[in-house]
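> Pasting a structure below so you can have a look.
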Amino acid sequence: MILGYSTRNLRVAHEHDDLTYDTIGMSLAPVDAPKPEGRWHSVNESKVVGHGRDAFDAVGYALMHWQLHEEAGFFVESPGGVVRAGETAAAGLPVWFMGVTAVYRVVKVVDGPNRIGFAVGTLPGHPARGEESFVVELRDDDSVVLTVRSFSRHAAWFAKLGGPIGTSIQHRATKRLLAAAGKAATAPELLRPVIR
């Protein structure tokens, strides 16, 4: 939807709606797993954003409190400000002289000692149909890696009409999220959250 319809109103209006796709969890499946049937646009971007347990904790906290999305330029409306499975959230992203809003549900949460993140699925009112995941990992070599994966199709008329422009916006947003994770990993210790 075009901005102007507030993200809060959008979230509330769609919080009981069904997802707009069937293959829940597809963005968290192993990379070599079979892809969903039909034509889907996919994104699979990973970046080393830091090193060590402190960087992992800082990025994980920022991710699970929507701070990476906000740092990347999104306006996020979430009931508690913390990612929770089953929760409906909405986001707005300024784009040129207007903006785009989207509504989605947190369909899965990943919460392990060295891996944390979540996947969101689209609801009616989202310009696309599909799923996107955001997972940060502390790997054996001590590197902290954020991976953004998605499978989507255009759903809204303006997304279909804009085609490659929508895809370009999605890629740009992904790059901004990865950059935000790098900032969170290297934030001065004073600004890092206490999560232990």
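> Within region 29-38, does at least one residue satisfy the condition of being surrounded by fewer than 21 Cβ atoms within 10 Å (Cβ to Cβ) and assigned to a strand (DSSP E or B)?
To start, the set of residues in region 29-38 that are surrounded by fewer than 21 Cβ atoms within 10 Å (Cβ to Cβ) comprises 29-38.
Right, trim to assigned to a strand (DSSP E or B) and you get none.
No.
> Test ALA29 against the stated conditions and say whether it is modelled with pLDDT under 90 and either within 22 Å of ILE116 (Cβ to Cβ) or touching a helix residue (DSSP H, G or I) at 6+ places or on another chain (Cβ under 8 Å) (or both).
Working: modelled with pLDDT under 90: yes; either within 22 Å of ILE116 (Cβ to Cβ) or touching a helix residue (DSSP H, G or I) at 6+ places or on another chain (Cβ under 8 Å) (or both): yes.
Yes; evaluated as a whole, the condition is true for this residue.
> Right, another one. List pairs: first residue in region 141-152 and touching a residue at least 12 places away in the same chain (Cβ under 8 Å) and surrounded by 21 or more Cβ atoms within 10 Å (Cβ to Cβ), second residue of a type in the set (Lys, Arg) and in a strand (DSSP E or B) anywhere in the structure, Cβ distance under 7 angstrom, at least six positions apart or on different chains.
LEU146/LYS47; SER152/ARG129
> Output the residue which, of all residues in region 118-140 that are aliphatic (A, V, I, L, M) and at pLDDT 90 or above, is surrounded by the fewest Cβ atoms within 10 Å (Cβ to Cβ). Don't jump to the end; show me each part of the working.
Going through region 118-140, the residues aliphatic (A, V, I, L, M) turn out to be 119-120, 123, 128, 135-136, 138.
In the following step, the residues that additionally are at pLDDT 90 or above were identified as 119-120, 135-136, 138.
Details: ALA119: 25, VAL120: 26, VAL135: 21, VAL136: 29, LEU138: 23.
My answer is VAL135.
> Please work out if ALA13 is among the small types (Gly, Ala, Ser), surrounded by 14 or more Cβ atoms within 10 Å (Cβ to Cβ) and either touching a Gly at 6+ places or on another chain (Cβ under 6 Å) or assigned to a strand (DSSP E or B) (or both). Give the derivation first.
Working: among the small types (Gly, Ala, Ser): yes; surrounded by 14 or more Cβ atoms within 10 Å (Cβ to Cβ): yes; either touching a Gly at 6+ places or on another chain (Cβ under 6 Å) or assigned to a strand (DSSP E or B) (or both): no.
Taking the combined requirement at face value, the residue does not satisfy it.
> Tell me the residue from LEU68, LEU63 that is under 27 Å from ALA187 (Cα atoms), buried (at least 19 other Cβ atoms within 10 Å of the Cβ) and modelled with pLDDT of 95 or more, please. Give the steps one after another, and end with the answer.
Working: LEU68 fails: modelled with pLDDT of 95 or more.
Sole residue among the options that is under 27 Å from ALA187 (Cα atoms), buried (at least 19 other Cβ atoms within 10 Å of the Cβ) and modelled with pLDDT of 95 or more: LEU63.
> Quick one: which of ARG149, ARG115 is at pLDDT 95 or above and among the basic types (Lys, Arg)?
Numbers: ARG149 fails: at pLDDT 95 or above.
Just one listed residue meets the conditions, ARG115.
The values are calculated or read from the model by the stated rules, or taken from the named source; none is laboratory data. Being a predicted model, the structure only gives us computed values, none of them experimental. Neighbour counts run over all protein chains shown; Cβ positions are idealised from the backbone, glycine included.
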